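**Q** Before we start, here is the structure in question, set down as structure tokens.
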Amino acid sequence: MIPNGKHLAVLSGLLVLAGWLACPQAAFPQDSGSGDGGITAYPPLDNVGVGALSERAPGQWVQQAVVGGVEITGAAEQEVGFADSLLQYLLNGLLTLLRSLIDGIFNAILNAIPCLSDTPTPEPSEPTNPEKPVNPDEPVNPEEPDVDGDGILDDGDGSGTAGDNPCTGGRITGCDDNCPELVNPNQADADGDGAGDACDRCPGFDDGIDTDGDGVPDPCDNCPLRANANQIDTDRDVVGDACDNCVLVDNRDQTDSNNNGVGDICENDTDGDNWNNDTDNCPEVFNPNQIDTDGDGLGDACDSN
């Protein structure tokens, strides 16, 4: 019986499956002669088959066998008739189809089964964690921030309120960063006011006392009773412009004889008697009548003689 396509497909599948089950030593033995440990390359299937017909004598045909691409003569020769030769050609074509089918299945198995392939299986890469911080200086746990990245948590005591227990006395754990926006891993605080030396606005004094609430502690505030966070002092008299009664002239004593809010040094009528200072015979004493009994240029109101 001549095998049909279904028979050949089933047969080839069984052959390949049997080889795979014996993987790799039984079905695909190691090539001890190659030295590279690879799978032996089997000779192409199309090198095995039947050779050409030759007419030895009228009506006498000889079919030769082919192994490894070499026609074997002599003992392998056999006489065949014309009908037999036609059958051999048909079988030859069928064998070619079968060889192609088996080659395709075999190659597919080599590519699909790791144990039969020379290509190493790639190691699985570590999956990317989208929640992993890009910047290593950023806090890993957003619930425990460290804004300045100095290793001291803003809410180091875990109270839920940053800054309510600043580090002092050399402590660096169990307390809040005493300079949360400025790197200071040692948390040094010389005056012990809870503001680290690195960000202490008023060294040597308690930064916690700020009457006007402008962020500048009273001992270092040039206007402690009037908010002026910028601390501008145009005339540099250590009195901020926000509370200086004579902004453009240095008057540290802030003298204001008539209490009109204008410093005497920059007021034309210091005593408020409606006489300008340059003509008033008593510029600092109220004497609207300007009486000068002895005529010495000093009004009686301020003349001791």
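The numbers here are math on the coordinates, done by the rules we state, and not lab data. Small disclaimer: the values here were computed from a predicted structure and weren't measured. Positions of Cβ are generated from backbone atoms using ideal geometry, with glycine treated the same way; all protein chains shown enter the neighbour counts.
**Q** Say each of Leu95 and Ile232 gets a label point 7 Å from the Cα, pointing the same way as Cα to Cβ; how far apart are those two points in nm?
**A** Calculated label separation equals 10.6 nm.
**Q** I've got another one for you. With +1 on each Lys and Arg Cβ and -1 on each Asp and Glu Cβ, how big is the dipole of the range 167-288 about its Cα centre, in debye rounded to the nearest 20?
**A** Values: 5 positive and 31 negative charges, 94 e Å.
The dipole magnitude comes to about 440 debye.
**Q** Next question, about the same structure. Which Cα, out of Cys243, Thr279, Pro224, lies furthest along the positive dipole direction of the range 216-305 (beta carbon charges, K/R +1, D/E -1)?
**A** Farthest towards the positive end: Pro224.
**Q** What FRET efficiency, computed as 1/(1 + (r/R0)^6) with R0 = 45 Å and r the Cβ-Cβ distance, is obtained for Asp206 and Asn258, rounded to the nearest 0.05? Kindly include the intermediate steps, with their values, before the conclusion.
**A** Numbers: r = 37 Å, r/R0 = 0.81.
For R0 = 45 Å, the calculated efficiency reads 0.80.
**Q** Taking a ≥ b ≥ c as the square roots of the eigenvalues of the Cα gyration tensor of the range 191-305, is the shape rounded (a/c under 1.5), prolate (a/b larger than b/c) or oblate? List each step's numbers first, then the result.
**A** Working: a/c = 4.16, a/b = 3.52, b/c = 1.18.
Prolate, since a/c reaches 1.5 and a/b exceeds b/c.
**Q** So for the pair Asp164, Glu144, with labels modelled 7 Å out along Cα→Cβ, what separation do we get in nm?
**A** Taking the two extended label points, one gets 1.9 nm.
**Q** Order by neighbour count: Cys223, Cys179, Cys266, fewest other Cβ atoms within 10 Å first, most last.
**A** Details: Cys223 19, Cys179 22, Cys266 15.
By the 10 Å Cβ count, ascending, the order reads Cys266, Cys223, Cys179.
**Q** Measuring from label point to label point, each 7 Å out along Cα→Cβ, what is the Asn305 to Val249 span in nm?
**A** Taking the two extended label points, one gets 2.8 nm.
**Q** With the contact rule set at Cα under 8 Å and sequence spacing of 6 or more, what percent relative contact order holds for the range 226-267? Spell out each step's value before the answer.
**A** Working: 53 pairs, mean separation 11.8, N = 42.
Result for the range 226-267 is 28 percent.
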